[in-house]
Amino acid sequence: MTNLAATERFSDRADAYVRGRPSYPAAIVAHLEHEGVLKPGYTVVDIGVGTGLSAEPFLRRGYAVTGVEPNAAMREAGNQQLRAYAGYRGVAGTAEDTSLSRAAADLVIAGQAFHWFDVPRAAREARRIARPGGSAALIWNDRQSTGSAFLAGYEALLRLYGTDYAKLIHRHVDEKAIAQFFAPAAPKVVTFENPRDLEHDDLLALAGSASYLPAPQDARYPAMLQALNDLFEAHAHHGTVQMRYRTRMHYAPIN
């Protein structure tokens, strides 16, 4: 649900988010083009755009993107990250009240943000800002928690130090909420492998970008930092560890 706590919890983590979070593969845009969801000249609205990671693959392909972001620090970081793209503009707004005019988008997307939404209100707002024939896509970079000793160790660390980690992970895969957002359409689902090699500081930034992990002023932070350092030292190969992501996209017409 979008509320003050949700929209402000990343205010002191924007820099870590820029460095730590994974990008999105160009394959998501290519797939939507192949399926006829995206066509030349279309406009994309990215809800909860944050620092712009989810907007960038669409901008690279020449689409105009309006990024809607309630958090001022994240919105400014996104504006800076995407300033080279003439087709980008960032606006203040939420999933439930984007501040945009009616029929502003051909495609409404949300990357790694849907679990914060008030689903019924966000669904109504998405339909209001979508043009006739418009679609929506909900996209996640799902971090894989098994498959290597490093992945299992990082998952264990999150469960040990994350304050509301288990609750948030459940909301990432809430099939009922996803179905409610797209109803009455039944969304298609596609996935793409999206691995990422992390240097030591990248791993620290990734952890620092997680709103459920201790911040530096937290009493638990030194112990968590030591655990992260130990995990990296135990599993690094040629100075990096591999975090494996699977990019998952649900998409369907909404108007």
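Each value in this text was obtained by applying a stated rule to the coordinates, not by laboratory testing. In this text, all values refer to a predicted model and were calculated from it rather than measured experimentally. Cβ coordinates were reconstructed from backbone atoms using ideal geometry, including for glycine residues, and neighbour counts include every protein chain displayed.
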| Cα point-scatterer Debye curve for the range 64-203, base-10 log of I(q)/I(0) at q = 0.11, 0.21 Å⁻¹ | -0.53, -1.40
| remark: Options (1) 0.96; (2) 1.13; (3) 1.08 are given for Rg/Rh (Cα atoms, Kirkwood Rh), and the computed one is (1)
| request: Quickly rank 197-210, 38-51 as a protection proxy: mean count of other C-beta atoms within 10 Å, highest first. | output: 38-51, 197-210
| Which whole-number percent gives the relative contact order of the chain, counting Cα pairs below 8 Å spaced six or more residues apart? | 24
| task | Among the GluC sites (Glu not before Pro) in the range 31-82, which ones are in a DSSP loop with at most 16 other Cβ atoms within 10 Å of the Cβ? Mind listing them? | result | 35
| remark: In whole Hz, the Karplus estimates of ³J(HN,Hα) for the range 145-150 (6.51, -1.76, 1.60; θ = phi - 60°; x where Gly or Pro) are 9, 9, x, 7, 5, 5
| Taking H as built 1.01 Å from N, whose amide H comes closer than 5 Å to the amide H of residue 100, not counting residues under 5 places away? | none
| request: Determine by what factor the alpha-carbon radius of gyration of the range 209-255 differs from 2.2 N^0.38 Å, reporting the quotient. | output: 1.81
| request: Tabulate in residue order the Karplus-calculated ³J(HN,Hα) for the range 245-252, using 6.51 cos²θ - 1.76 cosθ + 1.60 with θ = phi - 60°, rounded to whole Hz; enter x for Gly and Pro. | output: 10, 10, 7, 10, 10, 9, 8, 5
| When Rg is the radius of gyration of the Cα atoms in the range 126-255 and Rh is its Kirkwood radius, what does Rg/Rh come to? | 1.07
